[in-house]
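Structure first, then comments.
The values are calculated or read from the model by the stated rules, or taken from the named source; none is laboratory data. For clarity, every value in this text was computed on a predicted model and none was experimentally measured. Note that we place each Cβ from the backbone using ideal geometry, even for glycine, and neighbour counts take in every protein chain shown. Heavy atoms of the whole protein, side chains included, go into the accessibility calculation; ligands, DNA and RNA do not. Shrake-Rupley method; radii C 1.70, N 1.55, O 1.52, S 1.80 Å.
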Amino acid sequence: MLINGRCHCGNISFKLTWEPEPTEIPARACDCSFCTKHGGVWTSCNTGSLKVTVNSASLVSKYSFGTKTAQFHICTHCGVVPVVTSQIKGHTYAVVSVHAFEGVDPSLLKHASASFGEEDEEARLGRRVKNWIPNVEYIERGA
Ligand SMILES: [Zn+2]
């Protein structure tokens, strides 16, 4: 399944290739302090691949907090956060926001809450290596 997503203005867009074909897409409402404030709900396919395209790199804020091991890619033009990446041992992993999906049947989404606050950093990075999208191409255009 090819899932298209983008922020509201289209500055940040992505194509998520979900394979094998999903019967359902987990949608995890994260309870960290940042996701609580903007309503972050994330998904990932650990056998999939992701291509992120940024039209204007100067209009993207890469926000980190806490352990600073994840970067939230915030479109500073429209305020939407379509993607989060994490660099682990030189490799980029990612999750995407289900709110940024375009044209995906909402009945495919299986909503659940997620709480990672009790994890130490090692457990957190290990979970991302296991669960996050492992093939990420990130293309930044413009300035
Ligand atoms: Zn935008």
- Message: Consider the range 71-123. How many of its residues are assigned to a loop (DSSP other than H, G, I, E, B) and either away from the ligand (no atom under 16 Å from the Cβ) or under 16 Å from Leu50 (Cβ atoms) (or both)?
- Response: 13
- Query: touching a residue at least 60 places away in the same chain (Cβ under 8 Å) and among the polar types (S, T, N, Q): does that describe Thr53?
  - Reply: yes
- Selection count where residues are farther than 25 Å from Cys75 by Cα and open to solvent by 70 Å² or more (accessible area, probe 1.4 Å), scope the range 116-141: 5
- Task: May I ask you to list pairs of residues, at least six apart or on different chains, whose Cβ atoms are under 7 Å apart, with the first in the range 68-79 being more than 17 Å from His99 (Cβ to Cβ) and the second being more than 14 Å from the ligand (Cβ to nearest atom) and not in a strand (DSSP E or B)?
- Result: Thr69/Glu121; Thr69/Arg124; Thr69/Leu125; Ala70/Ser64; Gln71/Ser64
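Considering only residues of the range 70-98 that are of a type in the set (Ser, Thr, Tyr) and in contact with a helix residue (DSSP H, G or I) (Cβ under 9 Å, 6 or more places away or on another chain), which is surrounded by the most Cβ atoms within 10 Å (Cβ to Cβ)?
First, the residues of the range 70-98 that are of a type in the set (Ser, Thr, Tyr): 76, 85-86, 92-93, 97.
Checking which are in contact with a helix residue (DSSP H, G or I) (Cβ under 9 Å, 6 or more places away or on another chain) leaves us with 76, 86, 93.
Values: Thr76: 12, Ser86: 20, Tyr93: 23.
This residue is Tyr93.
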- Note on the structure: Just one listed residue, out of Phe34, Phe65, is open to solvent by 20 Å² or more (accessible area, probe 1.4 Å), out of contact with any Pro (no Cβ under 6 Å at 6 or more places or on another chain), assigned to a helix (DSSP H, G or I) and of a type outside the set (Val, Ile, Thr), and it is Phe34
- Message: Given (1) assigned to a strand (DSSP E or B); (2) within 16 Å of the ligand (Cβ to nearest atom), identify the lone condition not met by Leu50.
- Response: (2)
